[in-house]
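The next block holds one structure in the form of structure tokens; read it before the comments.
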Amino acid sequence: MRNFLLFLLLWLCCIPQMSAKRLVDNLPMRSTVISGYDNPDTVRAAMKRRPLHRVEGIWAFPSDGASVAIERYSPPGTIGDEAVRYRMVILRSPCRSLRPGTLMGYLSATSKPGVYAAEIYTSGNGGATLSKPKSFTLTLIDDAHLSFRQHSRKVRVNLWRLIPYMSRINLRISDSDAPSDLDGCTRVFPRPLSGPVEPIYL
């Protein structure tokens, strides 16, 4: 019986990995630095010279003032596969050791308009490197707001169902009612069609 329970738990843990389809490229285990992002004005000028997708532009995180560029890119060996890929690159960070041009994440378009699969670094070592990539879903709420929702992998097993005569006992765990999509950023460039994110009072 003990061996059966162990096998069952291992099998249930493997189900998400076997069935999940990769919608976005894997990040390296540690971040790299990309040249050409030292000057936000240069990045902005380059964006002005080409048509932008809805998610492309410069975005700011209201919680800490960091800003990132989201742009299309084609990794080596993928030209012509018609997949739409984006990368998120740091322009400014409250952590001074993080250099402009530090790769923060990858995004890919999904079948839902304005919804993107993403893999984003979630931790830093206090220095110039980001690590611990996690899966996210990014959603354009409107043309000025981009929300982030981190995925969590949960396995729930009701062991009571495996014990004879205990099938009537039920254990329920309720999730927190806190909203899961409050993290995110606001558009800086190009300027949202709906106007500034916060009104200016004269």
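Leaving ligands, DNA and RNA out of it, work out the accessible area of Tyr106 with a 1.4 Å probe and give it in Å² to the nearest 10.
My reading of the accessible area for Tyr106 is about 30 Å².
Expressed in nm to one decimal, what extension gain is obtained for the pair Thr110 and Asn26 from 0.36 nm per residue of sequence separation less their Cα-Cα distance?
The Thr110-Asn26 span can extend by a further 28.6 nm.
Go from 0 up to the bin containing the longest alpha carbon distance in segment 75-147, width 10 Å each, and give me the % of pairs per bin.
Bins of 10 Å from zero give 17, 42, 33, 8 percent of pairs.
Kindly write out, for segment 35-48 in residue order, the coupling ³J(HN,Hα) from the Karplus curve 6.51 cos²θ - 1.76 cosθ + 1.60 (θ = phi - 60°), rounded to whole Hz, with x marking Gly and Pro.
With the stated coefficients, segment 35-48 comes to 6, x, 10, 5, 10, x, 5, 5, 5, 4, 5, 5, 5, 5 Hz.
Using the Karplus curve 6.51 cos²θ - 1.76 cosθ + 1.60 with θ = phi - 60°, what ³J(HN,Hα) values do you get for each residue of segment 49-59, in whole Hz, with x for Gly and Pro?
Once rounded to whole Hz, the list reads 7, 9, x, 9, 6, 4, 8, 6, x, 10, 10.
Can you give me the long-range amide H partners of Thr102? Hydrogens built in the peptide plane at 1.01 Å from N, cutoff under 5 Å, separation of 5 or more residues or another chain.
Ile34, Ile90
With Cβ to Cβ distances under 12 Å as the rule, what net charge do the other residues near Arg87 carry (K, R +1; D, E -1)?
Around Arg87, the charge tally is -2.
Can you give me the long-range amide H partners of Ala109? Hydrogens built in the peptide plane at 1.01 Å from N, cutoff under 5 Å, separation of 5 or more residues or another chain.
Val84
What do you reckon, how do Arg96, Arg72, Arg49 stack up by accessible area (1.4 Å probe), largest on top?
The ordering from most to least exposed comes out as Arg96, Arg49, Arg72.
The values are calculated or read from the model by the stated rules, or taken from the named source; none is laboratory data. Note that this is a predicted model, so its numbers are computed, not measured. Cβ coordinates were reconstructed from backbone atoms using ideal geometry, including for glycine residues, and neighbour counts include every protein chain displayed. Side chains included, ligands, DNA and RNA excluded: accessible areas come from the protein's heavy atoms. Shrake-Rupley method; radii C 1.70, N 1.55, O 1.52, S 1.80 Å.
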